[in-house]
Amino acid sequence: MNHHFRLAVAAALMLGSVGAATAQTLPDYMAPISGKSAAAPGDVATRDVIALNTAMFDLYGDAAKVFQKNILDKHPVILGLFSGAGGRLILYRPGQPPLDAPQVPVVYQLLKSVGHSTMALAEVVGPYVDNPDNKSWRGAMLAYRSRMQSALDALDATPMQADWRDNSRTILQNNIAFMDECLANGAIPFAKLEAFGKKQAPFLAKNVAWAAQTQVAHWMGVLADWKAQLGPDWEKTYAASNTIYVARQNNVIFSVLAQFFGPEAINTRLLLIETVSFTTTPADMLEALTRIIADRSVGALFFGNYHLMDYELMGGDARAAIIAETAKRGMTPFLPPLVPFGSKQWPTLVTPGPGPATIADLK
C-alpha cells in the first residue's frame with residue numbers, strides 16, 4: 001500500500017473514531033494508536049505564540065530572495081572570499097554575469113606551502129614530545145618526510161625568484177634534517193623541537209613577508225582596475241569579505257578593500273562577515289550581505305535609525321540589565337564602551353597597548 005495512502009487511511013480512522021467514541025468501544029486494532037491526549041491551555045497558547053517566531057524565518061527567507069535581486073539590480077557588489085590560493089574576488093554588476101578576478105600568482109601558494117610544512121611538522125611531533133616509549137609518530141613522519149623530499153627535489157623547477165627559492169630550500173632542508181634526527185633517535189626531546197623552531201623562525205618570517213607582498217600587490221591591482229571600470233558607480237558599490245576568528249585581525253582582503261573604499265564606507269558599504277570556517281560560498285556571502293542591508297531598512301522603519309539593526313537589538317537593554325544585576329551581586333560591571341550606531345570603526349581590535357604586534361616585533 002502506498003505510504004501516503006496508508007497515512008490518509010490512518011488519519012481517517014482516527015477522525016472517524018472521534019465522533020463514534022462516545023457510541024462504541026474502539027476495536028482492538030486501534031489500541032496502539034488511540035488514547036486521549038491532554039494539553040494544558042497555557043502550553044497550547046505558548047506554542048502558538050512562539051510559532052510566530054518560527055514562521056518569521058520562513059517569511060524572512062522568502063523575502064530575502066527578492067531583496068537580493070533588488071540589491072544586485074541597483075548596486076555593484078564585490079565579494080572577497082578566503083581561499084588557500086590567496087583569496088577569491090568576485091564582482092557583481094547590474095545586468096551582467098559575475099566576474100571572477102584572476103588568481104594570485106602561484107608563487108604565493110608555494111611560499112605558504114613551504115612555511116606551513118614546518119608548522120605541520122610541529123603538529124605531527126607535538127603529542128609525542130618527551131615521550132620516548134611512544135613510537136606511533138614514526139609512520140606519519142616517514143610519510144611526511146617522503147613528501148618533503150619530493151618538494152625539495154622539485155623546488156628548482158617552480159616559478160619562484162632565486163632568493164625566495166634559496167630561502168625555501170633552506171626551510172625544507174632544515175625540516176628534513178630535524179625529521180632524520182628524530183627518526184634516528186626514536187624520540188623527540190622538547191629541547192630539540194625548541195631549537196628547531198628558533199632555527200626556522202627567521203626563514204619562515206621571510207616567506208610570510210614575501211607571500212603577503214605578492215597577495216597585496218595582486219589584489220591592489222585588481223581593485224584599481226575594477227574601480228576604474230565602475231566609475232561613478234563605485235560610490236554605491238557594496239563589498240564584503242569573510243573571516244574566521246584567527247584571521248579577522250589585520251585581515252588581508254578586507255584591509256586591501258578598505259584602501260579603495262575609504263574610512264566612510266567601513267561598516268556601511270564595506271563589511272567584514274565572520275564565518276565559522278575558513279572557506280564559504282558566494283551564495284552564503286550574498287545571503288549574509290542581503291540580510292544586513294535588509295535589516296537596516298527594518299530598523300529605520302520601526303526605530304528611525306538605519307544602522308540600529310547592525311547591532312544586537314537587545315544589547316543596549318541587556319547592557320543596562322547587566323549593570324543592574326552586577327550591582328545586586330556586589331560585582332563591578334565589565335563592558336565594552338558604548339559606540340554610536342553607524343560607527344566607522346574597524347570591525348577588528350582597535351585598542352593599542354604594550355606588547356609585540358607584528359612578527360618583526362618578536363625579533
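The values are calculated or read from the model by the stated rules, or taken from the named source; none is laboratory data. Being a predicted model, the structure only gives us computed values, none of them experimental. Here Cβ is always computed from backbone atoms with ideal geometry, including for glycine, and neighbour counts include all displayed protein chains. In case anyone asks, the SASA skips ligands and DNA or RNA and just uses the protein heavy atoms, side chains included. Shrake-Rupley method; radii C 1.70, N 1.55, O 1.52, S 1.80 Å.
What size of dipole, in debye to the nearest 20, comes out for the chain about its Cα centre when the only charges are +1 on Lys and Arg C-beta atoms and -1 on Asp and Glu C-beta atoms? Computed about the Cα centre, the dipole is about 260 debye. Within region 222-277, the ratio Rg/Rh, alpha carbon atoms throughout and Rh by Kirkwood, equals 1.00.
A simple count of charges around V252, restricted to other residues whose Cβ falls under 13 Å of its Cβ and scoring Lys, Arg +1 and Asp, Glu -1, yields +3. Placing +1 on the Cβ of every Lys and Arg and -1 on the Cβ of every Asp and Glu, with no other charges, gives region 47-181 a dipole of roughly 420 debye about its Cα centre.
Region 226-285 and region 72-140 have Cα centres lying 18 Å from one another. Compute the angle between helix 252-261 and the longest alpha-carbon principal axis of the chain, please, reported from 0 to 90 degrees and rounded to the nearest 10. Around 80 degrees separate the two axes.
The residues neighbouring P41, those whose beta-carbon lies less than 14 Å from its own, together hold a net charge of -1 under the Lys/Arg +1, Asp/Glu -1 convention. When every alpha-carbon pair in region 124-248 is counted, what percent end up more than 18 Å apart? Cα-Cα pairs of region 124-248 separated by over 18 Å account for 68 percent. Take region 33-105, compute every pairwise Cα distance, and split them into 5 Å bins from 0; I just need the percent in each bin. Calculated P(r), rounded to whole percents: 3, 11, 12, 11, 10, 11, 9, 6, 6, 6, 6, 6, 2, 1, 0. Scaled against the 2.2 N^0.38 Å expected of a compact globular protein of N residues, the Cα radius of gyration of the chain reads 1.45. Dipole orientation for region 75-225: of the candidates L183, A209, Y92, Y92 has the Cα lying most toward the positive pole (charges on Cβ; Lys, Arg +1; Asp, Glu -1). Dividing the Cα radius of gyration of region 247-333 by its Kirkwood radius returns 1.09 for Rg/Rh. In the chain, a dipole from Cβ-located charges (positive for Lys and Arg, negative for Asp and Glu) runs towards its positive end, and of A300, A240, V350 it is V350 whose Cα lies farthest in that direction. Rounded to two decimals, the Cα radius of gyration of region 108-153 over 2.2 N^0.38 Å is 1.29. For region 88-134, the C-alpha radius of gyration sits at 2.16 times the compact-globule guess of 2.2 N^0.38 Å, with N the residue count. Hey, got a sec? Which GluC sites (Glu not before Pro) in region 270-362 land in a DSSP loop and have at most 10 other Cβ atoms within 10 Å? Those that pass, being in a loop and sparsely packed, are E312. Only helices enter this figure: runs of n ≥ 4 DSSP H residues, each worth -39500 (n - 2.57), summed and divided by the residues of the chain, yield -19000 deg cm²/dmol at 222 nm to the nearest 500. With all protein chains in place and ligands, DNA and RNA left out, the 1.4 Å accessible area ranks S113, S343 as S113, S343, largest first.
Counting Lys +1, Arg +1, Asp -1, Glu -1, what net charge surrounds A85 among other residues with beta carbon under 15 Å of its beta carbon? Net charge around A85: +1.
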